[in-house]
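Some notes on the structure that comes next.
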């Protein structure tokens, strides 16, 4: 489940709200053991996602680096190449 959480720091263009929310959702799913919580747990689950996303924003805003921003297209291409090699996919 957590392997879907990607690095969110130091990208150009900057990380979006949707990316932060998706990472927070994956984290809460992993910690809780729920892919989709029951109705009785839905409110606390959603609150946890919001709080993790808020903490993630604070973290990303507070970090500093002298490294140049990473290029999303280059990172995505490398991931496709690793997947093709790992799973023996041709033409990816």
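The values are calculated or read from the model by the stated rules, or taken from the named source; none is laboratory data. Only a predicted model underlies this, so the values are computations on that prediction, with no experimental measurement involved. Backbone-built Cβ (ideal geometry, glycine too); neighbour counts: all protein chains shown.
Here are some notes:
- Test set (1) modelled with pLDDT of 95 or more; (2) farther than 16 Å from residue 5 by Cα; (3) touching a helix residue (DSSP H, G or I) at 6+ places or on another chain (Cβ under 8 Å) - residue 57 fails condition number: (2)
- Residue within the stretch 35-47 that is in a loop (DSSP other than H, G, I, E, B) and in contact with a strand residue (DSSP E or B) (Cβ under 7 Å, 6 or more places away or on another chain) present: no
- Any hit, the stretch 82-90, residues being within 23 Å of residue 8 (Cβ to Cβ), touching a residue at least 24 places away in the same chain (Cβ under 8 Å) and part of a helix (DSSP H, G or I): no
- Selection over the stretch 1-51 of residues that are surrounded by fewer than 11 Cβ atoms within 10 Å (Cβ to Cβ) and out of contact with any helix residue (DSSP H, G or I) (no Cβ under 7 Å at 6 or more places or on another chain) gives a count of 12.
- Hits in the stretch 59-81 - residues which are surrounded by 10 or more Cβ atoms within 10 Å (Cβ to Cβ), assigned to a helix (DSSP H, G or I) and under 18 Å from the mean Cα position of the chain (by Cα): 59, 60, 72, 75, 76, 77, 78, 79, 80
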